[in-house]
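Trainee: Take a look at this one; I'll ask things after.
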Amino acid sequence: MAASLAGRDLITIDDLSNREIETVFALADEMSASVREHSHLCQGMIMASLFFEPSTRTRLSFEAAMNRLGGRVISVAEMGNTSLAKGESIADMARVVGTYADIIVIRHPWEGAAKVVADYAGVPVVNAGDGGHEHPTQTLCDLYTLKKEKGSLEGLKIALWGDLKYGRTVHSLACALARFGATIHFRPSPGFEMPEHVLRKLTTEYSGRLERQNGPKDVDQDGLFPLDAIYVTPSGPHQLANIPAVGIQMEVEKGVDALYVTRLQRERLGKTQEGGGSAAAYPVVSSELLKGRKFKEAIVMHPLPRVDELAYEMDADPRAMYFKQAERGMPIRMALLALLLGCREGSTTGARGQEYAQKKGYPVYRRDTGIGCPNANCVTGQESETRYIRPEFQIISSAPLVLRCVYCEHEVHPQYVASSKWHQGILEKKRYYRADNPLARRISPQNVLAFDSEAAAQAAGFKQGGRSGKRVPEKGA
Ligand code: NCD
């Protein structure tokens, strides 16, 4: 059956199944074969283009795409020109813009901002980058390029290079690659490793394995960022599964299908990191660096803009693919807009994979116990948004308790827990426990109360428990 994307949002790459991604690609093929022949497809439709961070490719390719489809574009490119500058919440802005436009494309510096806009707009919303969180449409351009250049998306080997901490494109890309059965080599700039919450997701939601490397953390003798970890899907090489150390060495020597380079996201660095040695020691990807056997077949990708990390001489190298990636942004976004607006139904032939990221159906934590998202850049912590957003988490593990913010996906590891079913009428049983206390594990997810300090637990009327071996007053209740 053809997939229908009409009316949907694209906030994280997890919002699309593998088949739906292939659907977008099939239509993008059609769009790029005859860019000028679709000028009536979205006639009468309006796209609001809200870019509150710098953008060249993403914004202009979205706007060009809508124009090519015969639709119209309204846009704002400066927060200072909107009522956000007066302290308006993004929810209120979304409500209003959703009545003017048929679709909203938003880029915003806060992580989770695009989800809030989608929650309130009432029209499809596309995340064009929310802080350091995700950039799913760049991933579509990246995967499309991989498919075009390598023939298939199944079982590719990709090295991710550079700022994996703040680079939102690699967060979306790693998840998508994992779903298509890729082997991923993580080569971060030291100090800019892939965030733990993304790595955890790769293993919990995509069922692959992560082999961490504990070698030297500096640029190696070949000028390469050190290998920090390798992610292998279950269909990955056997050697790796059986004898990790040797297997990994063999795996690395065999080389990769693509090297995905990212720039240092200077605008997201804290003041202390700004002058740090890691930022200074960013090697330049050049013909010299890539002359080894392991990069012979590797296409070189970059979401752009480049700064110093990619030598201009690479532009003449047949492996350089970054301008093609950018060029493909327009047909990809034409296809996506047409599908989300319901102006075209998608169809794919021969595409496998109805699968999304494995939806785990995690229980939700929405209690008012003072637990907030620890990410200072999360939308839930911003003054204008705290008036209406209540922190919300998925309980991704209960022993020990791990919560994932539903907006920015950062994790919280609360230190103290209690049960909402504490009492059974007996005040003596109103106890809190350290999160690592075995008794804490007996509290079922739907009853758990999480606190970030003993003071918070005590302020909620709980007394310290666990030391005397007192039983938690329930089991799976
Ligand atoms: C990227 C972004 O904005 O995250 N640019 C883009 O959209 N192509 C990458 C970057 O800015 O480094």
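Trainee: Give, in nm to one decimal, the length gained when the segment between THR56 and ALA85 is fully stretched (0.36 nm per residue of separation minus the Cα-Cα distance). Each step should come with its number before you reach the end.
Mentor: Details: separation 29, 0.36 × 29 = 10.44 nm, distance 2.26 nm.
Result for the pair: 8.2 nm of gain on full extension.
Trainee: Given labels modelled 7 Å from the Cα in the Cβ direction, how far is it in nm from ARG434 to ARG209?
Mentor: Output for this residue pair reads 3.3 nm.
Trainee: Now for a different question. Would you please give the FRET efficiency between ASP222 and ALA64, computed as 1/(1 + (r/R0)^6) with r the Cβ-Cβ distance and R0 = 45 Å, to the nearest 0.05?
Mentor: 0.65
Trainee: Quick one: helix 329-340 against the long Cα principal axis of the chain, what's the angle to the nearest 10°, folded into 0 to 90?
Mentor: Roughly 60 degrees between the two axes.
Trainee: Give me the one-decimal Kirkwood hydrodynamic radius in Å for the stretch 407-447, with the sum taken over alpha-carbon pairs. Each step should come with its number before you reach the end.
Mentor: Details: mean 1/r = 0.0869 Å⁻¹.
11.5 Å is the Kirkwood radius here.
Trainee: Then there is this: Largest first, how would SER453, SER172 line up by accessible area (1.4 Å probe)?
Mentor: Values: SER453 40, SER172 0 Å².
These residues rank, largest area first, as SER453, SER172.
Trainee: GLU37 versus ARG367, label points 7 Å from Cα toward the beta carbon: distance in nm?
Mentor: 6.1 nm
Trainee: Then there is this: Can you list which of the chymotrypsin sites (Phe, Trp or Tyr not before Pro) found in the stretch 365-463 are DSSP loop residues with at most 16 other C-beta atoms within 10 Å?
Mentor: Values: sites: TYR365, TYR388, PHE393, TYR407, TYR416, TRP422, TYR432, TYR433, PHE451, PHE462; in loops: TYR388, TYR407, TRP422, PHE462.
Those satisfying the criteria are TYR388.
Trainee: Follow-up question, since we're still on this one. If you average the sequence gap of Cα pairs under 8 Å that are 6 or more apart and divide by the length of the stretch 23-170, what percent do you get for the contact order?
Mentor: On the way: 217 pairs, mean separation 28.2, N = 148.
The value is 19 percent.
Trainee: Using only Cα atoms, find the angle between the long axis of helix 90-100 and the longest principal axis of the chain, and express it within 0 to 90 degrees, rounded to the nearest 10.
Mentor: Taking Cα atoms only, the helix is inclined about 40 degrees.
Trainee: On C-alpha positions alone, give me the angle between the axis of helix 57-68 and the longest principal axis of the chain, in degrees, nearest 10.
Mentor: That works out to roughly 60 degrees.
Trainee: Rounded to the nearest 20 debye, what is the charge dipole size of the chain about its Cα centre when +1 sits on each Lys and Arg Cβ and -1 on each Asp and Glu Cβ? Intermediate results must be reported in sequence, preceding the final value.
Mentor: Details: 59 positive and 56 negative charges, 336 e Å.
Charge dipole, the chain, about its Cα centre: 1620 debye, nearest 20.
Trainee: With contacts defined as alpha carbon pairs under 8 Å and 6 or more residues apart, what's the relative contact order of the chain in percent?
Mentor: Numbers: 972 pairs, mean separation 78.9, N = 477.
Taking the mean separation of contacting Cα pairs over the length of the chain, I get 17 percent.
Trainee: Using only Cα atoms, figure out Rg for the stretch 1-158 and give it as a multiple of 2.2 N^0.38 Å.
Mentor: Numbers: Rg = 16.0 Å, N = 158, 2.2 N^0.38 = 15.1 Å.
Output field value: 1.06.
Trainee: Could I ask something else about it? Sequence-distant or interchain residues sharing an amide H contact under 5 Å with LEU269, placed H: which?
Mentor: none
Trainee: Follow-up question, since we're still on this one. How big, in percent, is the set of alpha carbon pairs in the stretch 280-420 lying more than 22 Å apart?
Mentor: Values: 6628 of 9870 pairs.
Roughly 67 percent, once rounded to a whole number.
Trainee: Show me 52-58, 296-302 ranked by packing, highest mean number of other Cβ atoms within 10 Å first.
Mentor: Details: 52-58: 17.3, 296-302: 20.4.
So the order, starting with the most tightly packed, is 296-302, 52-58.
Trainee: Can you work out D for the stretch 135-230 in µm² s⁻¹ from Stokes-Einstein, where Rh is the Kirkwood radius over C-alpha pairs, the temperature is 4 °C and the viscosity is 1.567 mPa s?
Mentor: Values: Rh = 13.7 Å.
Using the Kirkwood radius from Cα pairs, D works out to 95 µm²/s.
Trainee: Mind jotting down the distance between the C-alpha centroids of the stretch 103-121 and the stretch 1-51, whole Å?
Mentor: 18 Å
Trainee: Go through the stretch 1-96 and name the GluC sites (Glu not before Pro) that are in a DSSP coil and have 12 or fewer other Cβ atoms within 10 Å of their Cβ. Mind dumping the intermediate values first?
Mentor: Numbers: sites: GLU20, GLU22, GLU30, GLU37, GLU63, GLU78, GLU88; in loops: GLU78, GLU88.
Sparse-neighbourhood loop GluC sites (Glu not before Pro): GLU78.
Trainee: While we're looking at this one, here's another question. In the chain, with Lys and Arg counted as +1 and Asp and Glu as -1 at Cβ, which of these residues, CYS408, GLY465, SER55, has the Cα nearest the positive end of the dipole, that is, farthest along it?
Mentor: So the residue we want is GLY465.
Trainee: What percent of all Cα-Cα pairs in the stretch 135-187 falls into each 5 Å bin, going from 0 up to the bin containing the maximum distance?
Mentor: P(r) for the stretch 135-187, in whole percents per bin: 5, 22, 31, 30, 11, 2.
Trainee: Quote the Stokes-Einstein diffusion coefficient, in whole µm² s⁻¹, for the chain, based on the Kirkwood radius over alpha carbon pairs, a temperature of 4 °C and a viscosity of 1.567 mPa s.
Mentor: Numbers: Rh = 23.9 Å.
The diffusion coefficient I find is 54 µm²/s.
Trainee: Additional query: Positive end of the charge dipole of the chain (Lys, Arg +1 and Asp, Glu -1 on Cβ, about the Cα centre): tell me which of THR183, LEU41, TYR144 has its Cα farthest that way.
Mentor: The one lying farthest along the dipole's positive direction is THR183.
Trainee: Given a 1.4 Å probe, how much area per residue of the stretch 23-111 is accessible, in Å²?
Mentor: Values: 4050 Å² over 89 residues.
Result: 45 Å² per residue.
Trainee: Tell me, what % of the accessible area of the chain is carbon and sulfur with a 1.4 angstrom probe? Walk me through the intermediate numbers first.
Mentor: Values: 10150 of 20360 Å².
Ligands and nucleic acids excluded, carbon and sulfur reach 50 percent.
Trainee: When the helix-only estimate is applied to the chain (DSSP H runs of n ≥ 4, each -39,500 (n - 2.57), divided by the residue count), what is the mean residue ellipticity at 222 nm, nearest 500 deg cm²/dmol?
Mentor: Mean residue ellipticity at 222 nm (helix-derived): -8000 deg cm²/dmol.
Trainee: Would you mind listing how long the stretch 74-182 runs along its three principal axes, going by Cα atoms, in whole Å with the largest first?
Mentor: Result, largest extent first: 47, 28, 20 Å.
Trainee: May I pose another question? Express in Å², to the nearest 10, the accessible area of HIS40 obtained by rolling a 1.4 Å probe over the protein heavy atoms while all chains stay in place.
Mentor: Near enough 130 Å² of accessible area.
The values are calculated or read from the model by the stated rules, or taken from the named source; none is laboratory data. These numbers come from a predicted model, not from an experiment. Reconstructed Cβ throughout: ideal geometry from the backbone, glycine too, with neighbour counts over all protein chains shown. Protein only, heavy atoms only, side chains kept; ligands, DNA and RNA dropped before computing areas. Shrake-Rupley method; radii C 1.70, N 1.55, O 1.52, S 1.80 Å.
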